[in-house]
Amino acid sequence: MGKLFASARYFALVGVFFGLITSLAAFCWSGLGTLALVEALFHGEREGMAVALVKVLDGLLIGAGLLIFSLGMYELFIGGTTLPEWLIIKDLDGLKSRVVGVVVMVMAVSFLEKLETQGDSRDILYRGIAISMVSVALVVLMMRRPHP
């Protein structure tokens, strides 16, 4: 019975697999966005280029976050990888803190995108305050985690 429960850790491979697929999709989406930007630049289009670049950056950050999550899940449940030291995750709190870091960055990039495209200063202010509050809450929760 113990071996059966021990093998249940391989269920995590489902999450790892789909995390890798979504990470690849995000990287491909950003790559296609980059190609579209380069093509637009060759045709002399400059309007909205900053926003388009920020959207590409957002996709890359999301792809990186999904990749970190997938690698972390594999490392936690399966093990035996040769990852760089900074990417080795030893517990779920470590994985959560890596994901929180990416989420905060994605929110910041999203805010920059809205800042560039929206003209309503009140909406920008409210959005900035909301993103700041969520970011601070996430960071405080990660800092308060118990250390072994």
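The values are calculated or read from the model by the stated rules, or taken from the named source; none is laboratory data. Remember, predicted model here, so these are calculated numbers, not experimental data. Because the Cβ atoms are built from the backbone with ideal geometry, glycine has one as well, and the counts that use them run over all protein chains shown. Areas reflect the complete protein model, heavy atoms only, side chains present, ligands, DNA and RNA absent. Shrake-Rupley method; radii C 1.70, N 1.55, O 1.52, S 1.80 Å.
Find all pairs meeting these conditions: Cβ atoms under 7 angstrom apart; at least six residues apart or on different chains; first residue within the range 1-17 and assigned to a helix (DSSP H, G or I); second residue hydroxyl-bearing (Ser, Thr, Tyr).
Val16/Ser70; Val16/Tyr74
Under 6 Å by Cβ, and 6 or more places apart or on different chains, what pairs join a residue from the range 60-78 that is closer than 30 Å to Ala6 by Cβ and in contact (Cβ under 8 Å) with a residue 40 or more places away in the chain with one that is part of a helix (DSSP H, G or I) and charged (D, E, K, R)?
Here the result reads Phe77/Arg9, each pair linking the range 60-78 to a residue that is part of a helix (DSSP H, G or I) and charged (D, E, K, R).
Just one of the numbered conditions (1) touching a helix residue (DSSP H, G or I) at 6+ places or on another chain (Cβ under 9 Å); (2) over 16 Å from Ala64 (Cα atoms); (3) not in a loop (DSSP other than H, G, I, E, B) is not true of Ser110; which one?
Going through the list (1) touching a helix residue (DSSP H, G or I) at 6+ places or on another chain (Cβ under 9 Å); (2) over 16 Å from Ala64 (Cα atoms); (3) not in a loop (DSSP other than H, G, I, E, B), Ser110 breaks only (2).
How many residues does the range 74-101 hold that are touching a helix residue (DSSP H, G or I) at 6+ places or on another chain (Cβ under 7 Å), open to solvent by less than 30 Å² (accessible area, probe 1.4 Å) and part of a helix (DSSP H, G or I)?
Within the range 74-101, residues that are touching a helix residue (DSSP H, G or I) at 6+ places or on another chain (Cβ under 7 Å), open to solvent by less than 30 Å² (accessible area, probe 1.4 Å) and part of a helix (DSSP H, G or I) number 3.
What is the number of the single condition among (1) under 23 Å from Gly94 (Cβ atoms); (2) within 21 Å of the chain's Cα centre (by Cα) that Ala50 does not meet?
If we test Ala50 against (1) under 23 Å from Gly94 (Cβ atoms); (2) within 21 Å of the chain's Cα centre (by Cα), just (1) comes out false.
For the range 123-132, does any single residue satisfy the condition of being out of contact with any Lys or Arg (no Cβ under 9 Å at 6 or more places or on another chain), surrounded by fewer than 17 Cβ atoms within 10 Å (Cβ to Cβ) and modelled with pLDDT under 85?
no
Among the listed residues Leu20, Leu57, Leu35, identify the single one that is open to solvent by 70 Å² or more (accessible area, probe 1.4 Å), under 29 Å from Val104 (Cα atoms), more than 21 Å from the chain's Cα centre (by Cα) and not aromatic (Phe, Trp, Tyr).
Leu35
Which of the residues belonging to the range 38-54 are more than 24 Å from Val106 (Cβ to Cβ) and out of contact with any helix residue (DSSP H, G or I) (no Cβ under 8 Å at 6 or more places or on another chain)?
Matches in the range 38-54: Glu39, Phe42, His43, Gly44, Glu45, Arg46, Glu47.
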